[in-house]
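Taken together, the values in this text are just the output of simple stated rules run on the coordinates, not laboratory data. Everything numeric in this text was worked out from a predicted model, so none of it was measured. Backbone-built Cβ (ideal geometry, glycine too); neighbour counts: all protein chains shown.
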Amino acid sequence: MMKVLSRLACMAALYALALALAMAYGEKAKAETKLPDAVRKTFDAKFPKAQIEKVDVEKENGVDVYDFEFKDGKTEKECDIATDGTMLEYTVVISTKEVPQEAMKPIEKAAAGATMGRTEKIKVSYELKDGKIIKLSKPVMQYAVEMKKGDKHAEIIVDANGNVIEEPKWEGPKAEKSAD
């Protein structure tokens with residue numbers, strides 16, 4: 001009986017250590033991500049408990065945009081923040097059941113014969129044009145759905161009324177990125 005209790009205590013201690021290390025690594029990754037102060041301030045204010053998984057920076061229409069992929073609790077999210085700290089858009093991963101019926105019509109048509117995958121609800125508040133950040137008169141809700149047909153994949157983006165924002169472009173398998 002003592003051996004069993006001893007083993008259970010050791011297993012519990014190892015589990016606690018692994019959990020503590022995982023939590024510390026998540027905080028370290030967030031702290032080590034090099035971001036402009038304005039970008040960091042906006043992100044931390046909006047998502048104080050988020051675990052950043054990936055950050056890329058791209059120039060979009062003349063503006064440097066930081067694209068975050070992160071978990072906020074159990075929810076997968078993304079956001080785009082301009083160098084000046086403006087949050088351009090905010091994305092939440094949802095189920096297809098949460099997409100409005102009007103928006104689902106063109107998605108289902110485009111996905112005929114395909115399997116629908118990751119589905120996102122995107123709130124767009126700004127657009128980029130000629131190096132300028134332009135505030136929309138009111139935020140626009142969009143829905144993006146990834147689709148797979150055989151070894152081909154595509155994504156469609158529609159607005160809440162079912163207007164197609166981005167047509168699906170069927171492409172072959174994604175090339176795996178090599179670790180350097």
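Could you run the Karplus curve 6.51 cos²θ - 1.76 cosθ + 1.60 with θ = phi - 60° over region 133-142 and give me ³J(HN,Hα) per residue in whole Hz, x for Gly and Pro? Along region 133-142, the couplings run 9, 10, 6, 6, 4, 8, x, 10, 9, 10 Hz. Figure legend: label point modelled 7 angstrom from the Cα of Lys46 along Cα→Cβ; residues of region 88-106 with amide N under 15 Å from it are 88-93.
Net charge in the neighbourhood of Gly131 (other residues with Cβ under 11 Å of its Cβ; Lys, Arg +1, Asp, Glu -1) is 0. Packing, as the average of other Cβ atoms within 10 Å across residues, places the peptides 145-154, 94-103 in the order 145-154, 94-103, highest first.
Using θ = phi - 60° in the Karplus curve 6.51 cos²θ - 1.76 cosθ + 1.60, the 3J(HN,Hα) couplings for region 58-74 round to 9, 8, 10, 6, x, 10, 6, 10, 9, 9, 9, 10, 7, 10, 10, x, 9 Hz; x is entered for Gly and Pro. Once the Cα-Cα distance is subtracted from the 0.36 nm per residue extended length, the Thr96 to Lys74 segment shows a gain of 6.2 nm.
The simple spin-label model puts a point 7 Å past each Cα toward its Cβ; for Asp56 and Glu108 those points are separated by 3.2 nm. The peptide list 84-91, 135-142, 34-41, put in order of mean Cβ contacts within 10 Å with the highest first, becomes 84-91, 34-41, 135-142. Length gained on full extension, Lys123 to Glu166, computed as 0.36 nm times the residue gap minus the Cα-Cα distance: 13.9 nm. Amide H contacts under 5 Å for Val63: Gly131, restricted to partners 5 or more places along the chain or on a different chain, H placed in the peptide plane at 1.01 Å from N.
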